[in-house]
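Take a look at the structure below.
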Amino acid sequence: MMVHRSGKQGRSGKQGRSGRKAGRQRQRQEGPGGTRCADRQRKARNFAVAKFATMYATHYRTNTCGELREADAGKEVTLAGWMHRSRDLGGMTFVDLRDRFGITQLAFNMSSEAELCGRARKLGREFAVQATGVVQVRESRNKELATGAIELVVTKMEVLNTSALPPFTMEDETDGGEELRMKYRYLDLRRAPLRKSLELRAKTVRAVREYLDGQGFWEIETPNLIKSTPEGARDFLVPSRMQPGSFYALPQSPQILKQLLMMGGMDRYYQIVKCYRDEDFRGDRQPEFSQIDCEMAFVGQDDVLDMFEGMTRHVFQRVLDYNLPPMQRLPYAEAIARYGSDKPDLRFGAEIHALNEAFAGTDFAVFKQVLESGGSSAQESGGSSAQESGGSSALQGPGLIAGIVAKGCAEYSRKQLDELTDFVKAPHRGAGGLVYVKWAADGSIKSSVDKFFSADQLREVATGMGAKPGDLLLLVAAKTGITRKALGDLRLELARRENWIKPGDWSVLWIVDFPLFEKDPDTGEAIFVHHPFCSPHPEDLAYFDSDPLRCRALTYDMVMNGNEIVSGSIRIHQPEVQNRVFDVLGFSQAQKQEQFGFLLDALKFGAPPHGGCAFGLDRWVMLMAGQDTIRDVIAFPKNNAGRDLMMDAPAIVDQKQLDELSIAVKLKR
Ligand code: ASP
């Protein structure tokens, strides 16, 4: 069944041009009268249809399954979509027809259209169907559906394709497990939650382009087959057939290339780009992910922060209709001290209070030891990186007694307190224990350290921390990094348990002044915190040679609801400084030349001061879509083991292909 659209609607420029050409040809063949006559006939035949056609009208439909309303009653329309579900009620059969835009109820009447109704009863789930009929107001409206006021009384129906029985239902709450849904991702994509996430993603990208284009950025592509760029992860390698034994690396990010674009005078660049990092699958990661990669020339840090704060606000406005307030710029050291994290979630309080002074001179052995020597604990550092555990050595200090206030939690049971104690004692947090002080609503104090401190002493500490009767204090005493990490994680855990975070709340802020280097926990060597092209903080150049770990960088992150969404920096633009950073990182002259010779060369030719950042697009969209994993906002994601379950990749390749690449596979047994 073919549907004619009205004149201009639904045609792209390209189709329009070829359409005009075809028209001219026809005119030559038929003569002018013939074409006009055919047009008139077509218009007459499809008058009812063409009149109501929308921009989505195509060869197969006049409207979508999401757009008809009460005001359309009486119109003849054609829809195309999938058979979502059907119901037989005596003389009537109802079919929900679904497409990307929504669901419309089709009604088939056994008494007036027996043959048609019989065919409707045979439609299977996910059959692709085209139906023509007249829009009618429903007797009982379905409030769940946008089209719930109407139904289509079908007069013509064609099955465009049958479907095998789908392996799971296309409902919002489907019966399919994640692995099954990833194997049949094209079916999973038909479900509303995924469709909505991808719609939100498309809107985000559109708003990003709109903003950056308006600010004079150029979208410039950079190659995928390159030489390794250091972002701190393992590279994916691509063997070269033409140069046997040599490999390209897939970009971990276009970092060096965007810097070279600035050196090439492009001034403002962006790219929505795939990045590849061969990391172990800790947490919610994908081996390939998308960044909104940006760079600007002749800028200082505030120029970059202002520009991308503006972009973030624009996107929130466009996509969520939400006005983000101006963003706080919190120094890294302060974030670590107050929230125990370089990605603090500020949607709730429970800040960390340092209590060394409050407990100075105590005889309580655990506290005393921490005050005197930094204390002992299950392990040396509390996290996988210095950032997580409390920062560079300059920020660690010897030992720290600190605590947080759990508002309204004075009634916690023994069991609840034991759970929280186990939480801070988990090996990756490493605290030795948890001290609690309950300040009951009646003013009385009960604590795990009653033997060592009087109620008045503890009440004074609690008051100093801003607590009130009814609150619970939770204290950790350990090496500074461990105390901060344990309490930082604990405040998040309490927020989760106590529902401190209100749905729809946003916390978006900048963290600035990161350390330039940190100590490799395994080797003790200085390693870069962000990447080796970040400019040292001009105020800290004095320590650069004597105490590099004390040196801050012009590096910044944007943190959204406790997730790092953006990271970036002002880059080094003088070759001497770049050389000194490579020296601190332990690169030999030959290594520098071999790996970064082209960059060091480029810096010699009047490189402009420049800086930029990259947004993690997947995670940003995940947060705006209210999803828990980035897999839910990626059309074709990999599973936790990095496999594409639908295509079954990675896969073993033919011996012939390996031979062409001069590669022999040696599997470890
Ligand atoms: N290339 C950096 C990254 O991928 C971002 C930047 O510094 O612009 O994290």
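Tabulated data for the structure shown
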{"item": "Total residues in the stretch 61-105, condition of a type in the set (Val, Ile, Thr) and outside any strand (DSSP E or B)", "result": "2"}
{"item": "Odd one out for Arg631, checked against (1) farther than 30 Å from Phe281 by Cβ; (2) in contact (Cβ under 8 Å) with a residue 24 or more places away in the chain; (3) basic (Lys, Arg)", "result": "(1)"}
{"item": "Any chance Phe308 is closer than 28 Å to Leu257 by Cα, surrounded by 21 or more Cβ atoms within 10 Å (Cβ to Cβ) and either among the charged types (D, E, K, R) or within 14 Å of the ligand (Cβ to nearest atom) (or both)", "result": "yes"}
{"item": "Matching residues in the stretch 628-637 - criterion: being in a loop (DSSP other than H, G, I, E, B) and modelled with pLDDT of 95 or more", "result": "Ile634, Ala635, Phe636, Pro637"}
{"item": "Among the residues listed as Arg491, Arg497, Arg459, the single one being more than 30 Å from Asn323 (Cα to Cα) and either in a loop (DSSP other than H, G, I, E, B) or modelled with pLDDT of 95 or more (or both)", "result": "Arg459"}
{"item": "Filter result for Lys604 (within 30 Å of Arg268 (Cα to Cα) and among the basic types (Lys, Arg))", "result": "yes"}
{"item": "One residue from Asn579, Asn640 being surrounded by fewer than 19 Cβ atoms within 10 Å (Cβ to Cβ), in contact with a Leu (Cβ under 9 Å, 6 or more places away or on another chain) and in contact (Cβ under 8 Å) with a residue 12 or more places away in the chain", "result": "Asn579"}
{"item": "Checklist (1) farther than 30 Å from Phe316 by Cβ; (2) out of contact with any Gly (no Cβ under 9 Å at 6 or more places or on another chain); (3) among the hydrophobic types (A, V, I, L, M, F, W, C) applied to Leu509, failing item", "result": "(1)"}
{"item": "Tabulated pairs, the stretch 244-257, first over 12 Å from Arg277 (Cα atoms), second within 14 Å of the ligand (Cβ to nearest atom) and in a helix (DSSP H, G or I), C-beta under 6 angstrom, 6+ apart or interchain", "result": "Ile256/Leu599"}
{"item": "Scan of the stretch 113-157 for residues that are over 21 Å from Ala57 (Cα atoms), of a type outside the set (A, V, I, L, M) and touching a residue at least 60 places away in the same chain (Cβ under 8 Å), ordered by number", "result": "Glu126"}
{"item": "Selection count where residues are under 30 Å from Pro326 (Cβ atoms), within 13 Å of the ligand (Cβ to nearest atom) and surrounded by fewer than 22 Cβ atoms within 10 Å (Cβ to Cβ), scope the stretch 276-290", "result": "1"}
{"item": "Residue match in the stretch 509-519 (condition: in a loop (DSSP other than H, G, I, E, B), surrounded by fewer than 21 Cβ atoms within 10 Å (Cβ to Cβ) and away from the ligand (no atom under 16 Å from the Cβ))", "result": "no"}
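Residue by residue, here is whether (1) surrounded by 16 or more Cβ atoms within 10 Å (Cβ to Cβ); (2) over 17 Å from Arg190 (Cα atoms); (3) touching a Lys or Arg at 6+ places or on another chain (Cβ under 9 Å); (4) basic (Lys, Arg) holds:
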{"residue": "Leu106", "(1), (2), (3), (4)": "yes, yes, no, no"}
{"residue": "Glu113", "(1), (2), (3), (4)": "yes, yes, no, no"}
{"residue": "Val129", "(1), (2), (3), (4)": "yes, no, no, no"}
{"residue": "Thr132", "(1), (2), (3), (4)": "yes, yes, yes, no"}
{"residue": "Gly148", "(1), (2), (3), (4)": "yes, yes, yes, no"}
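Residue by residue, here is whether (1) away from the ligand (no atom under 14 Å from the Cβ); (2) assigned to a helix (DSSP H, G or I); (3) within 22 Å of the chain's Cα centre (by Cα); (4) of a type in the set (D, E, K, R) holds:
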| position | (1), (2), (3), (4) |
| --- | --- |
| Ala207 | yes, yes, yes, no |
| Tyr211 | yes, yes, yes, no |
| Asn224 | yes, no, yes, no |
| Ser228 | no, no, no, no |
| Glu231 | no, no, yes, yes |
| Gly245 | yes, no, no, no |
| Ser253 | no, no, yes, no |
| Leu257 | no, yes, no, no |
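The values are calculated or read from the model by the stated rules, or taken from the named source; none is laboratory data. Note that the structure is a prediction, hence the values are computed from the model and not measured. Because the Cβ atoms are built from the backbone with ideal geometry, glycine has one as well, and the counts that use them run over all protein chains shown.
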